[in-house]
Amino acid sequence: QPLADTVRREVFFRGLYTFSGLALAPSGHLYAASVFTGEILEIAPDGTLVRKILEPDGWLPPFPTGNPMGLAVGADGTLYYTDLDLAWDGLSIGPGPDGKVRRIRFGADGTPRPPETLLDGLAFPDGLGILPGSLGPTGDPVGAGAGSS
């Protein structure tokens, strides 16, 4: 027996070219990343855009702020993301040789600060998670590793 007779498609949010990562923000909103456009957006539960957390210059990779894939949020609200380091060779776009783990901290007023690189030289870092107690006293990952294949 089929599990369903029909499938009804619903669109939660229009305005992000490629969803590549989602994480729950401390506010109850969602952070959503697009690996292709290099953006990270904050989206309310009703699907409206709250703000852009990361918006790179230009429209084709490579972007100085990277190409966010996996997202995770630390207990202090810091947003971490894996960066595939996409490269454009004139014919195609693909993962570059220098994937990274980056973080975005927020000011006291909630304004996102520029991304900081924590790890680099990773091959295809496509996932990220934070275990309780895995961040050191400065907020840096202890024994950090990102999903690389």
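The values are calculated or read from the model by the stated rules, or taken from the named source; none is laboratory data. Note that this is a predicted model, so its numbers are computed, not measured. With ideal geometry, Cβ positions are generated from the backbone for all residues, glycine too; neighbour counts draw on all protein chains shown. What goes into the accessible areas is simple: the full protein's heavy atoms, side chains included, and nothing from ligands, DNA or RNA. Shrake-Rupley method; radii C 1.70, N 1.55, O 1.52, S 1.80 Å.
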Inset, instruction - Report the residue count in region 48-57 for those that are outside any strand (DSSP E or B) and closer than 24 Å to residue 10 by Cβ. - result: 1
Inset, instruction - Taking only region 15-64 into account, find how many residues are open to solvent by 30 Å² or more (accessible area, probe 1.4 Å), free of Cβ contacts under 8 Å to residues at least 40 places away in the same chain and hydrophobic (A, V, I, L, M, F, W, C). - result: 6
Legend entry - Positions within region 1-47 being closer than 17 Å to residue 115 by Cα and part of a loop (DSSP other than H, G, I, E, B), in sequence order: 25, 35, 37, 38
Legend entry - strands (runs of 3 or more DSSP E) contained in region 71-149 and holding at least 3 residues over 19 Å from residue 37 (Cα atoms) and at pLDDT below 95: 116-122
